């Protein structure tokens, strides 16, 4: 079942991405002030939303682990966090490239950029913590606590453009009452978000399969020591 | 299409997919390592039990 889902999600994501790329490059009108570079938003924003949704799922899975002590929830949290860190990196890098052209600088320490970098560092720390602890239950407990605390920063990232005056643009999407994009320019962004979410889901399923193998390996190692 | 800043837009798209691709390659490498380790431990257990 999991294998079929991986293939299905990947195939639908690929088809959507090809269609979206065609729309983004061939059908969308140009932005008057920014030129071609504005099209980065079609990857920058979906990558950010994908990573934030992922961090939320990881936080919920971590809380469920602490309640139930079921290591499957720990596997879900680990898999989702790792994939979300990748999409957060995509968000940071594409944003930096956009900033180089529009602001004339690669980076600025404003609230949105700084909180996003801190978010990335926190979850990268989560992944490093997992590598540093061998004992599965201790690893699961400590990383679950870190995942729940780290999620506070995700909320700060999300709200930072409303709470502070940032160099980063304010809300542009209609769901946040931004209204900064024409409806025809906004819809490819949502389709690209769906495509990225499906890519992320495929990667999470692949990572969960590996976590299953790792659990089996841990059990076999314990058995090998016992005989 | 307006070609101003096209090069940097191209860098952005390439960077985004290069990061995802590098991660996919790392997942594939890990899977291969895990399966080899699983086979090794399985054989070790079989040898000890026989």
Is it the case that the range B:2-15 has a residue that's exposed (fewer than 11 other Cβ atoms within 10 Å of the Cβ) and either facing another protein chain (nearest Cβ under 7 Å) or in contact with a helix residue (DSSP H, G or I) (Cβ under 6 Å, 6 or more places away or on another chain) (or both)?
-> yes
Would you check which residues across the range A:150-161 are more than 16 Å from the chain's Cα centre (by Cα) and touching a residue at least 12 places away in the same chain (Cβ under 8 Å) and list them?
-> A:160, A:161
Would you say residue A:83 is at the interface with another protein chain (Cβ under 10 Å from one of its Cβ atoms), crowded, with 22+ Cβ neighbours inside 10 Å and over 20 Å from residue B:9 (Cα atoms)?
-> yes
Looking for whichever is part of a helix (DSSP H, G or I) and over 23 Å from the mean Cα position of the chain (by Cα) here; the options are A:211, A:186, A:216. Which one fits?
-> A:216
Checklist (1) within 14 Å of another protein chain (Cβ to nearest Cβ); (2) within 26 Å of residue A:113 (Cα to Cα); (3) surrounded by 15 or more Cβ atoms within 10 Å (Cβ to Cβ) applied to residue A:127, failing item | (3)
Residue check, residue A:140 more than 19 Å from the chain's Cα centre (by Cα), buried (at least 20 other Cβ atoms within 10 Å of the Cβ) and in a helix (DSSP H, G or I) | yes
So, of the residues in the range A:21-38 that are in a loop (DSSP other than H, G, I, E, B) and at the interface with chain B (Cβ under 8 Å from one of its Cβ atoms), which turns out to be nearest to the chain's Cα centre (by Cα)?
-> A:34
Of the numbered conditions (1) within 13 Å of chain B (Cβ to nearest Cβ); (2) farther than 23 Å from residue A:167 by Cα; (3) in contact (Cβ under 8 Å) with a residue 60 or more places away in the chain; (4) touching a helix residue (DSSP H, G or I) at 6+ places or on another chain (Cβ under 6 Å), residue A:55 satisfies every one except a single condition; which is it?
-> (1)
Among (1) more than 14 Å from chain B (Cβ to nearest Cβ); (2) more than 24 Å from residue A:187 (Cβ to Cβ); (3) in contact with a helix residue (DSSP H, G or I) (Cβ under 6 Å, 6 or more places away or on another chain) - the single one residue A:101 does not satisfy = (1)
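No lab work stands behind these numbers, since they all come straight from the coordinates. The structure presented is a predicted model; accordingly, all values stated were derived computationally and were not measured. Cβ atoms come from the backbone with ideal geometry, glycine included; neighbour counts cover every protein chain shown.
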